[in-house]
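Right, one structure below, let's go through it.
The values are calculated or read from the model by the stated rules, or taken from the named source; none is laboratory data. As the structure is a computational prediction, the values presented were derived from the model and not from experiment. Cβ: placed from backbone, ideal geometry, glycine included. Neighbour counts: every protein chain shown. For the accessible areas, the whole protein counts, side chains as well, though only heavy atoms, and no ligand, DNA or RNA atoms are used. Shrake-Rupley method; radii C 1.70, N 1.55, O 1.52, S 1.80 Å.
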Amino acid sequence: MSPLILFGAFDRHNLGDLLLGRIAAALASSHAPARPMLFAGAASRDLRSAGGMQVHALDELIARWRRRSALDPPRAPPDLLQVGGEILGCTVWEAAVMLEPAQRAAALIAAHDRDHRGREAWARQHLGIRRALPYLASKAQLPPGSRIAHAASGGVGFAQLPAASRRAALTELRAATVLHVRDRRTQDTLAAAGIMARLAPDPAVLAPHVLGTAIGQHAQAGEPAALRTRYPAGWIAVQVSAEFADDATLDALAIGLDHLQRDTGLGLVLFCAGRAPWHDDPEVLDRLRMRLHEPADCTVATSTHPLDLCALLSGCTLCLASSLHARIVAEAFARPAASLVQTSAQGDKLHAYLETWHADALHLHAVTAAGPIGAAKAALGEPVARRQARATQLATLARAALARCFEALEGV
């Protein structure tokens with residue numbers, strides 16, 4: 001049976017990407033238990049110690065397959081599933097920086113950030129990637145007969161890419177056997193270029209259905225269990241990315257959280273949804289905690305394991321987050337959730353997804369002193385039955401989309 005390559009950004013630490021890999025792998029194994037399966041990214045990384053996967057660089061994986069096939073023909077060509085994520089707007093430079101340790105990433109940004117041509121050339125040489133977009137597989141690069149399916153790719157920033165990158169990416173998308181995108185904005189952008197893509201929710205909505213048993217086990221041990229003991233009345237799970245780091249934003253956020261904690265009597269748990277550069281920074285959470293009126297009543301979660309983070313979110317009373325996937329996971333467990341945004345590409349991604357799947361309850365709030373309060377009221381005021389119905393509907397749609405992908409990539 002031909003191997004199946006799961007391709008995504010799980011070569012770096014980010015809650016959403018790691019979950020997408022886990023969910024796709026579990027469903028692929030259920031669909032075809034005997035089919036060999038490999039994880040591929042832009043670079044080779046071993047994230048198993050952080051709850052991730054052993055990830056191979058796609059280029060190296062394909063080169064190794066070609067060498068083995070030449071020695072032992074005939075060998076069925078591998079198929080590839082693009083597991084999802086915001087892959088249609090991620091440049092080679094961004095991928096290269098996010099794959100580096102934080103200090104090294106900061107040095108690279110300082111050295112290359114204003115030299116667009118130079119940084120792109122450095123990134124391609126560093127990663128050894130010729131593809132237009134690092135997390136978009138090239139049909140020509142794969143062996144003849146290989147098929148590509150997209151589970152639910154995002155591309156809010158696609159229109160801002162250089163024209164040459166867009167043209168090359170459109171060629172690859174036209175060659176896909178199955179193409180799902182996760183928001184209408186991306187769908188409309190591709191439709192304007194003559195590519196008809198189906199809509200599908202982000203596969204992370206399936207976390208309770210596919211990973212629920214494992215998440216439940218994590219909830220009964222370690223840090224998640226300690227949170228349940230410390231906050232028996234419940235807690236507010238709060239996540240903000242590194243772009244919230246300026247003093248004025250943290251001051252405003254702390255004021256709002258103080259009001260929430262006083263009015264609800266809930267505990268406060270701050271957590272990172274991703275440790276890769278340009279994602280979250282634990283130092284920002286520490287600075288936020290020290291601005292609170294009662295910092296001793298707040299916990300900064302330290303676990304990086306994606307199932308610990310899912311356990312934290314599945315057990316929360318309310319989730320306030322800038323991370324799209326933190327919100328998706330909380331709502332998949334029918335928890336009240338709202339998004340805290342800055343004016344940025346992250347905000348665009350949130351808007352695009354929520355406009356598509358949450359048109360009746362966007363709950364996006366800028367970070368002002370009143371922002372967390374307004375967000376909490378909007379989220380907590382939504383009826384439980386509506387939250388549960390939406391979670392069920394999105395899970396059904398996501399499962400159907402992945403089933404179409406697996407059927408199109410049926411092993412031979």
Kirkwood Rh (inverse of mean 1/r, distinct Cα pairs), the stretch 279-412, angstrom: 16.5 Å
Rh (Kirkwood; distinct C-alpha pairs) - the stretch 48-170, Å: 16.2 Å
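Cα convex hull of the chain: mean projected area in nm², to one decimal? Show your work: numbers first, answer last.
Details: hull surface 76.7 nm².
Dividing the Cα hull surface by four gives the mean projection, 19.2 nm².
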Portion, in percent, of the accessible area of the stretch 41-134 that falls on carbon or sulfur, probe 1.4 Å: 51 percent
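Counting pairs of alpha carbon atoms under 8 Å apart in space and at least six apart in sequence, what relative contact order in percent does the chain give? Display every interim value, and only then the final one.
Details: 788 pairs, mean separation 73.3, N = 412.
18 percent.
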Cα centroid of the stretch 142-196 to Cα centroid of the stretch 1-58, whole Å: 21 Å
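How many Å² of accessible area per residue for the stretch 322-410, probe 1.4 Å? Working shown, then result.
Values: 3430 Å² over 89 residues.
Dividing the accessible area of the stretch 322-410 by its residue count gives 38 Å².
Within 10 Å of each candidate Cβ there may be at most 15 other Cβ atoms; applying that plus a DSSP loop requirement, which trypsin sites (Lys or Arg not before Pro) in the stretch 127-162 survive? Kindly include the intermediate steps, with their values, before the conclusion.
Working: sites: 130, 131, 139, 147; in loops: 130, 131, 139, 147.
Of the trypsin sites (Lys or Arg not before Pro), the ones in loops of the stretch 127-162 whose Cβ has at most 15 other Cβ atoms within 10 Å are 130.
Could you do me a favour and compute the accessible area per residue for the stretch 115-188, 1.4 Å probe, result in Å²?
Numbers: 3270 Å² over 74 residues.
Ligands and nucleic acids excluded, the result is 44 Å² per residue.
Give me the extension gain from residue 355 to residue 103: residue separation times 0.36 nm, minus the current Cα-Cα distance, reported in nm with one decimal.
Here the answer is 87.1 nm.
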Whole-Å distance, taken between Cα centres, linking the stretch 202-261 and the stretch 360-412: 17 Å
Segment residue 342-residue 213, extension gain: residue separation times 0.36 nm, minus the distance between their alpha carbons: 43.0 nm
In Hz, Karplus ³J(HN,Hα) per residue of the stretch 283-291 (6.51, -1.76, 1.60; θ = phi - 60°; x = Gly, Pro): 5, 5, 5, 5, 5, 5, 4, 6, 8
Among 42, 24, 192: highest mean-square fluctuation, GNM of the chain, C-alpha pairs under 10 Å: 192
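Taking N as the number of residues in the stretch 1-94, what value does Rg over Cα atoms divided by 2.2 N^0.38 Å take?
Values: Rg = 13.6 Å, N = 94, 2.2 N^0.38 = 12.4 Å.
Taking the Cα Rg and dividing by 2.2 N^0.38 Å, one obtains 1.10.
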